[in-house]
Amino acid sequence: MFTKDRAKIKASFSRAAAAYDKHADIQASLCDELVSKLRNGEIYAKTILDIGCGTGRLMAGLEKSFADSLVVGMDISEGMAVFAAHRGVKSFVADAQELPFGPKAFDLVVSNGVYQWAGDLKSSFREARRVLKKNGYFVFNCFGSRTLEELRLCLNIKQNILPSKERIYKALQGAGFTDVEMNVKLQRKYFDSLSSILYWLKSIGANQAYTRAPFFTSRKLMSLDDCYNKHYGDNNRVYATFEVIYIKAAHE
């Protein structure tokens, strides 16, 4: 059984912080899309919390769109929080399962591509709800269970370590959220080879985020090139699927 190790996640993303913005193209596009959705969503928010703020791209976008609002960010990785601070935004080092804020502190809680790393979704969502004001909103995206499914199938891994939309929905309900809206989309990212996929994962800090996850850590991965090229090749390149789940939940 795979387990998520928060200490390993902290270290992995801290190591990747300096190069993260250069390689995290999918995350950047999802971030900009999230800002656009929020800007056009008629949500009133004087205080905003970005959970898992990374290098601060989402916070910077929110500060432009919500110019009169206080935008605060936190990240489990000290390295990421430091790079966010370099952007001039307000960021803290903290865990999504133990937010260092009082109850009803924010009108809006947001997050971009983070909650797939959460060890306990229900606990993490309960914390997000705790710091939300009444009639506030929790708006986020995360990567779902079909993400990197090609790699998992080549390795014949039955168990999936990423959350399904059903699991996310159940955890939100269990945390007390109501009026939950969910949308799912699939997108492909193309690479030159399987080795390029592994390099990309390492560059954004995702290769060591899980303990005992053989498709991130095994030295035998290079031998899987033939399988990957045969089943998931396209015009001399290979692709990886990413399932993106968008959520908007109300705290009534």
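The values are calculated or read from the model by the stated rules, or taken from the named source; none is laboratory data. Just so we're clear, the structure is a prediction, and the values are computed from it rather than from any experiment. Ideal geometry is used to build each Cβ from the backbone, glycine not excepted, and the neighbour counts take in all protein chains shown. Areas reflect the complete protein model, heavy atoms only, side chains present, ligands, DNA and RNA absent. Shrake-Rupley method; radii C 1.70, N 1.55, O 1.52, S 1.80 Å.
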If you scan the stretch 177-194, which residues turn out to be among the hydroxyl-bearing types (Ser, Thr, Tyr) and surrounded by 14 or more Cβ atoms within 10 Å (Cβ to Cβ)?
-> Ser193
Output the residue which, of all residues in the stretch 214-243 that are at pLDDT 60 or above and buried (at least 18 other Cβ atoms within 10 Å of the Cβ), is nearest to Glu166 (Cα to Cα).
-> Glu243
State the number of residues belonging to the stretch 77-107 that are farther than 13 Å from Ala18 by Cα and of a type in the set (Val, Ile, Thr).
-> 2
Note: among Phe143, Phe125, Phe106, Phe138, just one is in contact with a His (Cβ under 8 Å, 6 or more places away or on another chain) and at pLDDT 95 or above, namely Phe138
Cβ-Cβ below 6 Å, separation at least six or inter-chain, first residue in the stretch 35-55 and within 20 Å of Phe125 (Cβ to Cβ), second modelled with pLDDT of 95 or more and assigned to a helix (DSSP H, G or I): which pairs?
-> Ile48/Leu62; Asp50/Leu58; Asp50/Met59; Cys53/Met59
Single residue of the stretch 170-204 satisfying the filter (small (Gly, Ala, Ser) and modelled with pLDDT of 90 or more) that is farthest from Ala7 (Cα to Cα) | Ser193
Of the residues in the stretch 173-201, those that are in contact with a Leu (Cβ under 8 Å, 6 or more places away or on another chain) and either part of a helix (DSSP H, G or I) or of a type in the set (Ser, Thr, Tyr) (or both) come to Leu194, Ile197, Leu198
Qualifying residue in the stretch 200-213 (condition: closer than 21 Å to Ser12 by Cβ, touching a residue at least 12 places away in the same chain (Cβ under 8 Å), in contact with an Asp or Glu (Cβ under 7 Å, 6 or more places away or on another chain) and surrounded by fewer than 18 Cβ atoms within 10 Å (Cβ to Cβ)) = yes
Please work out if Thr47 is over 30 Å from Ala240 (Cβ atoms), among the polar types (S, T, N, Q) and open to solvent by less than 60 Å² (accessible area, probe 1.4 Å).
-> yes
In the stretch 129-167, what residues are under 17 Å from the mean Cα position of the chain (by Cα), over 29 Å from Tyr199 (Cβ atoms) and hydrophobic (A, V, I, L, M, F, W, C)?
-> Phe138, Val139
If you go through Val82, Val93, Val71, the only one that is touching a helix residue (DSSP H, G or I) at 6+ places or on another chain (Cβ under 9 Å), open to solvent by 20 Å² or more (accessible area, probe 1.4 Å) and within 17 Å of Val131 (Cα to Cα) is Val93
Does Tyr246 satisfy the condition of being at pLDDT 95 or above, out of contact with any helix residue (DSSP H, G or I) (no Cβ under 8 Å at 6 or more places or on another chain) and not acidic (Asp, Glu)?
-> no
Might you let me know whether the stretch 173-188 holds any residue that is more than 30 Å from Lys230 (Cβ to Cβ) and among the charged types (D, E, K, R)?
-> yes
Matching residues in the stretch 76-118 - criterion: being in contact with a strand residue (DSSP E or B) (Cβ under 9 Å, 6 or more places away or on another chain), among the acidic types (Asp, Glu) and over 23 Å from Arg39 (Cα atoms) = Glu78, Asp95
Selection count, the stretch 131-167, where residues are assigned to a helix (DSSP H, G or I) and surrounded by fewer than 17 Cβ atoms within 10 Å (Cβ to Cβ) | 3
Within the stretch 103-128, can you find the residues that are surrounded by 19 or more Cβ atoms within 10 Å (Cβ to Cβ) and either in a helix (DSSP H, G or I) or more than 15 Å from the chain's Cα centre (by Cα) (or both)?
-> Phe106, Asp107, Leu108, Tyr115, Gln116, Trp117, Leu121, Ser124, Phe125, Glu127, Ala128
